[in-house]
Each structure stands twice: as structure tokens, then as C-alpha cells.
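Enquirer: Before we start, here is the structure in question, set down as C-alpha cells.
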Amino acid sequence: MSKIRKGKIISGTVTGIESYGVFVSCDDYYTGLIHISEISHGFVRNITDFVKIGDLIHAEVLDVDEELGHLKLSIRNIDYKKKSSIKRRKIKETPLGFKTLEYRLPIWIEESIKKIENQ
């Protein structure tokens, strides 16, 4: 468990969005909430205009509850979008294409039927 302090900028993943705010998973212990008032200085009509579930973001820690592992977070005053360092590779098509799937599918079906019959 890492020590997270008030004022620190942390990274996390958006795990949920409600009308009142955004839930963020920071690590195995800490989870946080960005209240709708901490998303922008202006009026927030729709939270999904700012973040989406699965987004990797930065957030400023406003308060820490060590006992429960809960954080109060803000993205209002920082550049919260985390740049993705994962480079996606182009999928290379094999010469067989879907032939492998076409060949293996009947085998998988037969194996599954045998498993069901044995239960």
C-alpha cells in the first residue's frame, strides 16, 4: 500500500459514472470519487463529456481516508487526461484466415457436448 497524501497528483482508471460524480480505482487499496463540482469550473451538464468508463486519468487528491482507503479527488485544476503509452499493433492476417476457426469449431462443439453429458 503506497502512502497517498493530500495535494498529490495520482493516476487512476475510471470505473463508474453516476449523476453526482466519477468513481476512480487508483490501486489495489485506494478508490476515489470525483464529485461533479470537482470536474470543471463551469456547469457540468453531462459527466461523460469529460470522462468515460475505462479512461486512464490524473486526479488531484483533496482528502484521504486511510482507514477505508477512500479518496476525494478533483480534476478541475489539472490536465487530467493521461496520455496512453500503449502502441497498438496492426493485426496481421494469416494466410489461413478463418480456416483455422472453421476447422476447430466442430471439435470444440463436440468437446463441449461431451463435457455436458459427463456432468
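Enquirer: Give the peptides 59-70, 37-48 in descending order of average Cβ contacts within 10 Å, highest first.
Expert: Details: 59-70: 15.2, 37-48: 12.2.
Order by mean packing, descending: 59-70, 37-48.
Enquirer: Continuing with this model, one more query. Just checking my list [x] 1.16; [y] 1.00; [z] 1.26 against Rg/Rh (Cα atoms, Kirkwood Rh) computed from this structure; which label fits?
Expert: It is the value labelled [z].
Enquirer: May I ask you to evaluate 6.51 cos²θ - 1.76 cosθ + 1.60, the Karplus curve with θ = phi - 60°, for each residue of the stretch 39-53 and list the ³J(HN,Hα) values in order in whole Hz, giving x for glycine and proline?
Expert: With the stated coefficients, the stretch 39-53 comes to 8, 8, 6, x, 5, 9, 7, 9, 4, 5, 6, 9, 9, 10, 4 Hz.
Enquirer: Same structure, new question: For helix 99-118, report the angle its Cα long axis makes with the longest principal axis of the Cα atoms of the chain; keep it between 0 and 90° and round to the nearest 10°.
Expert: With both axes taken from Cα atoms, the answer is about 90 degrees.
Enquirer: List the residues whose amide H sits under 5 Å from the amide H of residue 17, counting only those 5 or more places along or on another chain, with H placed 1.01 Å from N in the peptide plane.
Expert: Close amide H contacts, sequence-distant or interchain: 23.
Enquirer: Along the charge dipole of the chain, which of 20, 105, 36 sits closest to the positive end, that is, farthest toward it, with unit charges on the beta carbon of Lys, Arg, Asp and Glu (+1, +1, -1, -1)?
Expert: Looking along the dipole axis, the top candidate is 105.
Enquirer: Just list whichever of 3/52; 92/114; 52/115; 6/52; 8/52; 3/90 have alpha carbons separated by over 31 Å in the model shown.
Expert: On the way: 3/52 27 Å; 92/114 34 Å; 52/115 40 Å; 6/52 25 Å; 8/52 23 Å; 3/90 39 Å.
In this structure, 92/114; 52/115; 3/90 lie more than 31 Å apart at Cα.
Values in this text are rule-based calculations from the coordinates and carry no lab data. This one's a predicted model, so the numbers in the text were calculated from it and none came from an experiment. As a convention, Cβ positions derive from the backbone with ideal geometry for all residues, glycine included, and neighbour counts pool all protein chains shown.
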